[in-house]
Structures are given as structure tokens and as C-alpha cells.
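Encoded as C-alpha cells, the structure appears first; notes follow it.
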Amino acid sequence: MQEIDLAIIGGGPAGLAAALGAHAEGVKDIVIFERDSAPGGILNQCIHNGFGLHTFKEELTGPEYAERFLQQVLAAKIPIWRNTMVLDITPGRVITAVNEQGEVKVKAKAIILAMGCRERPRGALNIPGTRPAGIFTAGTAQKYVNLNGYLPGREVVILGSGDIGLIMARRLTLEGAHVQAVVELMPFSTGLKRNIVQCLDDFGIPLMLSHTVTEIIGKKRVEAVKIAQVDDKRQPIAGTEQLIKCDTLLLSVGLLPENELSKSAGVQLSPITGGAVVDDRLQTSVEGIFACGNVLHVHDLVDFVSEESMLAGRSAARYILKNQSQKRHNIPIITKQGVRYTVPSFVDPALMDDPLAVRFRVDKVYRDHRICVYFGDQLETSRKTRILTPGEMESVTLTRAMFEKHAGAPSVTIAIEEA
Amino acid sequence: MGYDVAIIGGGVIGCAIARELSRLRLNIVVLEKECDVAAGSSKANSGIVHGGHDCTPGTLKARFNVEANPMFDELSKTLDFPFKRNGSLVLAFEEDQIPKLEALKQQGIANGVPGLEIIGRDEIVKLEPNISDTVVAALQVPTGGIVCPYEMTFAFAENAAANGVTFRLNFFAETIEKRDGLFYISGPAGEVTARVLINAAGLYADTVNNMLSKHPITITPRSGEYCLLDKTEGDLVSHTLFQLPTKAGKGILVTPTVDGNLLLGPTSHPIADKDDKATTRAGLQEVLQTAQKDVQHLPVNKVITSFTGLRATAEGDDFIIGPSPDVENLFNVAGIASPGLTSAPAIAQYVAGLVAQATHAEQNPDFQPVRRAFPRFRHMTDAQRQKAIAENPDYGHIICRCEQVTKAEILAAIRGPLGVHDIDAIKRRTRAGMGRCQGGFCLMRIPEIVAQELHIPLNEVTKNGSGTNLLMDPDKQSL
């Protein structure tokens, strides 16, 4: 069996940045496993701009952003095994992968999970109706439009206001299709505010909040969808149904971290994020296995994926170079009042990066609230915010100095409180 | 084209009959209006090999069900389709339902069903640890089994094709006339003639019969909605769980599938439109609510897809099988609702016998009974995978991650004996797109493989027959 220092599962933005993070820290024997023929992941089909504002202080397209990382990976001579699908990972860090040369087993000293996420399909929503041609996830439609050069349809309804759906509303409009509406089950959009403004408002595309598709109609091709307003339990309200004639329905109804391999490796997953539970080093519950990017929790901005993944890379490298796990003194980060989850879930003040970004999402829209950080029951910081929405990932910064000031605090709590 | 026998309908019945008839020296054609066989009721049903306890004694349903059930072990090996004799349980939720189980048992015994036992709660819990707290007793049907209904149909069809049967897909039999002892069957795709006509047209068996016979039949579609759960839930139960049957049928069942998913359904509602395969909000709710009665904590949030199948029910609620009373050499195989899938092998033997008598055909000395499905990567050992990839590198190229389907299998489906190339046809042959992501990854890749293999542009690739193109215009045409 081939033995390597570090295996990175996935060559998208997370995997590429993780490789660079590990390499910079001194680990050179790295393999990136990529199932596609080209690295870069979903960025390859994201031809719109807006990537890299935080990292490079300029607006890049998705492929340009990926290229900057890829060039560094190639310069560092880190091998990428393309067209290679990882089938299994054991808790003992043996990877089974397959490509056109055969099936291989590789034992790694550390593994970074960077598989990304997938889109929630129609079946998971159990939308009633027929099963004609013309129903796509927004990402599939994006690939057909941007990479293959074909329109998926001419008269389009988009269910869900996730970012890919919003981006596709604009893209399809620019390519000559007519987007009738974006229909969102929740009373708020799950996409970024800037995407709502730039992709819907600028093109006069209506965003119908608290609405859903109740039926798909059409035998061969989609002919129409029925939509209805929903009540506060998200159930359709009788009498509010309306028929929208269309030939295409795009779904942008959520992203699910792709954690099948994590499960086979025995990694503990969070029921909230669907991703691994990690400490401040982004190590999972299985020693030597780390996670970053959208497989850990779904991000809005690739810049934060890169930042997080560099940390995972550095952490994995340190783990490999020390050749043993360090004794950790974990302090839990507790979520309260409006905070759905945090990444990480635990922190060791002695071992953590200083300062450390703790990322989280809120459960609903909050106007004029404060993000509060408690050490034990002592309020340490409190930041006023004009608006908090589930669609935008938030973060707080923890420093070693704070932990020293509150030495002995059993936990850190993050809560949303009225201003 | 002139044939000895034309079979209208490429469902499990038509294909099973075609395979059985290919044992004889006959020139046979199967005419199927859709782009693939198993495109109607045969692809969307419970996939159950029923014991036969719930058929009314003396009916054709009882006869063919009980006759066919024991054939499956051998047949599934010869034709290489998935089959598992997992046993069925008919559940009672109240003490006062136990006499009904007893009546069902007696009916089964009258039909000749072996091994029926009524078992108490303790024994049920041993068999099914996740059974609902409210279950008090069950009728155990050890001969019950599960199959993949479309794989079974493909197996019959491919073996028939290998033995010389012609398959005309996309052939809609619009008009049928009989002149001078010959049937003339024509439609947009052309005309064929045949000396013997077998009506296995499923929901449209009435239309076919009534074009020729003065003895009309009526087929009423009965819709059945299903929910399919993720493979993570496939081990929740090992038996097929029925509730007590009602006038509408065997009721909503909970069963593992041969592929490892959990299947819930069907509802049973008569509908007017024979093409209406829409699921409904009420129907899906009925499925989930009824199924929850059988199992403790049924994870209804693990539904990965839902679908509707239509059963072809005839008046009198029995199969109509045999020669037409007034049209010589017309054989009807109609009203094949449940247990039609189970009965198919026995029906096929019976109908083939009738045709043999009518045609005096000799045995086909070249008949080859064995059919092999193409090898599946997901079923291979590590060593088999190495060998398969060494011989054909496409076996090392995974296209569908959830179901571990390789490019080699996609190509094998396209290059198979029936010449299918629609995305849904490929899906049913390979399982690509049937996993929990429902095609999120592979739906971007399979159309490219089809386009490449058929030398057609991407926007000519269809999902399920003409008019179901996935994509529209090239978007940068004017540049």
C-alpha cells in the first residue's frame, strides 16, 4: 500500500488552499484527489465576478480565483490525481480511490476532507406533480449555460433564493431567457443581499417571499408550476394558488455538505450543519482527519473558504510533523439565542490561532441586535448590528488575551441579544 | 414487415411472453409505443413477488400468482435480475383483526400458498425490531419476495432479443385491422403484419381489443403513489410489511427494495386519464401517514424521490387472459393489475402454450435461455475491479457517485441489445441518478456521454422519448 503524509479529498477551492497551507508549514508529500478532469471545483462554472474581494482586494471571476490558487499548487509541485474518485476512507486513514489506471489504496498520516457540498434535489422536497424534462438544480443549469453553452429553458421559474439561484436568474436573463419569478419558502432570502440587488432588483425579477411551488405540471416538458403563499408553519394557504406557465423550473433550495466519506471514516457530524464537528484546528472527532470549506459548513464567500482551508492545511501539517496528537484542553463554544451553530465547536486557548475567527449563522432575521460573547457568564464583547440574516455568515474573533483575562471560564457562549 | 407473432406492449407481460415464445421457431415482433420497454406500469410498482394469499380463490390472479411464485429463484439466476425472497408480513393492529388474518391464511391455503403462519408480537419483534408498538399479530408469508421490476423486464426483453425477437420501440399502434387472416398494425412509425396478435398493451389493452373485437373490454387506471427513501433507511425492515387488505387492494406497504432503499406505497385511487402520472400532495401525505403506522419512527425526511404508477384494472377485477371469443388468433392479456408482476412468468408460459397450439410452431433448437446483465462496479470485489479496469479503463471512471456507476456501465446501457439512449432508460439500466443526490453530479455528465456516443448535439439528448429534450438552444448562437 502506498503511504503518503497528507491526502486532500477534493481539488476545489478548499482542497487547493488546504494544500498550500500544509505546504507552507513544511509538509511536502501531499496528494490532492480530484474526481473531475480539472481542479477548481464549482468555481469553474462560476463565470460571474465578485470573487476574491477579501483575499486579493480585487474582483475576480470564479475560474480566475481558482487559477491563482492552482498556479501556486502547481508551482509547489503538489500532485493532483485527476479523474480520481475516492470511494472509501477508513478511521485508520486508508483511502480507497479509483481511476482509469485502477483501484488504489493509500495510507495517509493525515487527511483533509474538502469534498464540498451538493444541491438539495427535487425529491428531497417531495414536490407533487409530474416528472417531465425541464427541472434542474440551479448548479446543473449553470454548468449547462456556462460550460456547455446551452440554455436549459426559455420561460423559467426559480424555487429558492439561494445564491446560485439568484446568480442564475441574472445569467439566464442575460442569455435571453425570461425569468418569471424567484419563489422563496421562507419570509427572507437565504442569499446574499448584494446578489438580491444585483441579480433580481436590477433586472426587475420579482422575489416572492413566503411562497412555494405546490405542483409541477407537464407530461413531456414542464408546462407550468402552481405556486401558493405559505403560512408561518410553511404550509400552503388554500385559495392563494396561482398558475405560472413556464418550461423550466430551477431549484436553489439548499446546499448539503457532501459527507458520505466522512461517515465512512467515522467522523462525528453536526445535525445542524451536516458537516463535521471540529475544534479550533479544524480537526474532526477522528484524530488526524481535518475538514474545511463547504463540506464542513456551507459558506457564502469563497474567500472565507480559502482562509479556513489554509488553517486546516497548517493544522494537518503540524499534526504530521509532530507525529502525534497533542493533549488538548478543549473549551466548548456554546450557541444561544439565535445562533444556530459555530465553527469551531471547541477551542484550546493554548493551541489555537491567535486571533481565531469563530464563524456562525443566525436562525432568522434580526434588526438592531447585538452579537454578544460571554466567557463563562462574563460578557466580554458585544457588537451592535443593523441586520443579521441567515443568508450571511457572521463571525466573532477570539484572542488568547481574552482567555487569559477569563482564566478558568468553563465555556464561551455566543448569543444574539436585543440592542 | 411480416411476422408470425406481434406483441403489442413492451411491459413485463409483453417481454415475458416474447421471451417464452422465442423458444419456438417463430418470427416475433414486440411493438412498444414508448422509447423503452418497462415504460408504463412495469417500471412503477411495488416490485413485490407476492405469496398469493390475498387473491380470491378460483381467479386467474390466484392461479398465476401461486404458479409463478416458485419460479423466481431459478428464473432470476438464469436471466440475471435481482430477486430476494425476503418474506412478507400482514400486520394486525388490534386483537379483533386477528380473525381477519386467520381468514386470509385460510384463503392462502385454499390458493395453495405454502408455509403461512400467524405469529404473535414477540416473534414479530424478533423478525422486525423496528416494528410499530401497536402491532399485535401478523400473517407470515415466507414465500413473499422482492424484485427490481424494470430489471426483470429488461432481462426478459434482452433474452428475447438475443433469441431473435425484434423490438420496435417508439412504435405506436394507431390502427389495427384484420384482413384475410392477417393483422395489419400501423401507426406513425410504419406498418407491420402478423398472423397472431398478442394484446399486452397494459392500460390501453381495451383500445387494442376494441379495435378488433365485438366483445369490448374496459381498462380503468388506478393510480398508486410511492415514496422512496434513502439507502441509509434500507435496513429499517427486512420483510415486506402489509396492512390488512381493503376493497381498494393490498394497501400501502413498507418494503426494502433489492437495491437497498426503503419503498412506501402505493395509494389506490381510480383516475380518468391513462397518462396522468402526477403525484399529489394528498396522495404523498396518505403514503407517509399510513406507512408510519407500521414502523416505529419512520424517517419520512429521508424521502429521495416520489412517483406514481398506474395499474390497469379490468371489470370483474381479474386478469383477462386467453383467446378472443370472436377474433381468431387474437390473444388478450389484459387487466394485469397486481399481482401481474409476480404472475408474469406463469402467464407467459400459458400464453406461449396457446400460441404454440394455434401456430403448430416447432421448437427453436437455437434457443439460449441464459442472459447476463453487464457487470456492475458496485457489486465487484477489489480484485474484480482491478481486472475490469485493466480490460476496460471506463470501469475506472465513476459517473454517478451515489450509486457508484462507471462510464463503462453507461456505455453498456447505450450499446445494449434494445438500443436505448434516453437519460431515464440509462438510469433504469445503471441506477445512475437514482441515489440520494438524484442526479446532481451525473446529470451533468451522462448527456455528454450520450451526445458523444450518438454523434448528436447536446440539445438533442432526451430524458424520456421525443419532446423531452433536456436543453434548448445553444445560448451563444449569435456570437
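A few remarks follow.
- Test for residue A:82: is it among the charged types (D, E, K, R), modelled with pLDDT of 95 or more and more than 30 Å from residue B:381 (Cα to Cα): no
- When B:264, B:228, B:212, B:241 are checked against the criterion of being under 24 Å from residue B:306 (Cα atoms), at pLDDT 95 or above and surrounded by fewer than 24 Cβ atoms within 10 Å (Cβ to Cβ), a single residue qualifies: B:228.
Condition check ((1) more than 14 Å from every other protein chain (Cβ to nearest Cβ); (2) among the acidic types (Asp, Glu); (3) outside any loop (DSSP other than H, G, I, E, B)) across all residues:
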site: A:194; (1), (2), (3): yes, no, yes
site: A:197; (1), (2), (3): yes, no, yes
site: A:213; (1), (2), (3): no, no, yes
site: A:216; (1), (2), (3): no, no, yes
site: A:225; (1), (2), (3): no, no, yes
site: A:233; (1), (2), (3): yes, no, no
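- When the stretch A:136-158 is filtered for residues that are under 19 Å from residue A:45 (Cα atoms), of a type in the set (Val, Ile, Thr) and over 20 Å from the mean Cα position of the chain (by Cα), the ones remaining, listed by number, are A:145, A:158.
- Number of the condition not met by residue B:126 [criteria: (1) assigned to a helix (DSSP H, G or I); (2) closer than 21 Å to residue B:256 by Cβ; (3) touching a strand residue (DSSP E or B) at 6+ places or on another chain (Cβ under 6 Å)]: (3)
- Among the residues of the stretch B:224-254, those that are within 14 Å of chain A (Cβ to nearest Cβ) and part of a strand (DSSP E or B) comprise B:225, B:226, B:227, B:228, B:229.
- The set of residues in the stretch A:199-211 that are part of a loop (DSSP other than H, G, I, E, B) and under 26 Å from residue B:470 (Cβ atoms) contains only A:205.
- Only one entry of B:382, B:424 meets the criterion of being of a type in the set (Asp, Glu), within 30 Å of residue B:233 (Cα to Cα) and facing chain A (nearest Cβ under 7 Å), and that entry is B:382.
- Hits in the stretch A:157-174 (condition: in contact with a Cys (Cβ under 7 Å, 6 or more places away or on another chain) and part of a helix (DSSP H, G or I)): A:166, A:167, A:169, A:170
- Hey, residue A:88 in a strand (DSSP E or B), out of contact with any Cys (no Cβ under 6 Å at 6 or more places or on another chain), in contact (Cβ under 8 Å) with a residue 40 or more places away in the chain and within 14 Å of chain B (Cβ to nearest Cβ) or not: yes
- Among strands (runs of 3 or more DSSP E) entirely within the stretch A:1-65, having at least 2 residues that are charged (D, E, K, R) and in contact with a Cys (Cβ under 8 Å, 6 or more places away or on another chain) singles out no element at all.
- The residues of the stretch B:107-123 that are touching a Leu at 6+ places or on another chain (Cβ under 9 Å) and assigned to a helix (DSSP H, G or I), listed by number, are B:108, B:109.
- Search result, residues across the stretch A:127-147 that are in a helix (DSSP H, G or I) and either without any contact (Cβ under 8 Å) to a residue 60 or more places away in the chain or hydrophobic (A, V, I, L, M, F, W, C) (or both): A:138, A:140, A:141, A:144, A:145, A:147
- Entirely in the stretch A:328-419, the strands (runs of 3 or more DSSP E) that have 1 or more residues that are more than 24 Å from the chain's Cα centre (by Cα): A:331-336, A:366-375, A:378-388, A:412-418
- Candidates B:388, B:282, filtered to the one that is surrounded by 16 or more Cβ atoms within 10 Å (Cβ to Cβ), within 14 Å of chain A (Cβ to nearest Cβ) and within 30 Å of residue B:440 (Cβ to Cβ): B:388
- Selection of the stretch B:442-478 for residues being at the interface with another protein chain (Cβ under 7 Å from one of its Cβ atoms), under 17 Å from residue A:147 (Cα atoms) and either in contact (Cβ under 8 Å) with a residue 40 or more places away in the chain or not hydrophobic (A, V, I, L, M, F, W, C) (or both) yields B:459, B:470, B:473, B:474, B:475, B:476.
- Scanning the stretch B:155-194 for residues that are touching a residue at least 24 places away in the same chain (Cβ under 8 Å) and assigned to a loop (DSSP other than H, G, I, E, B) turns up B:163, B:164, B:165, B:169, B:170, B:171, B:172, B:173, B:181.
- The number of residues in the stretch B:82-112 being at pLDDT below 95 and within 25 Å of the chain's Cα centre (by Cα) comes to 0.
- Taking the stretch B:270-389 as the region of interest, the strands (runs of 3 or more DSSP E) fully inside it that hold 2 or more residues being under 30 Å from residue B:406 (Cα atoms) are B:303-314.
The values are calculated or read from the model by the stated rules, or taken from the named source; none is laboratory data. Since we're looking at a predicted model, the values are computed, not measured. A quick note on method: Cβ atoms are made from the backbone with ideal geometry, for glycine too, and the neighbour counts reach across all protein chains shown.
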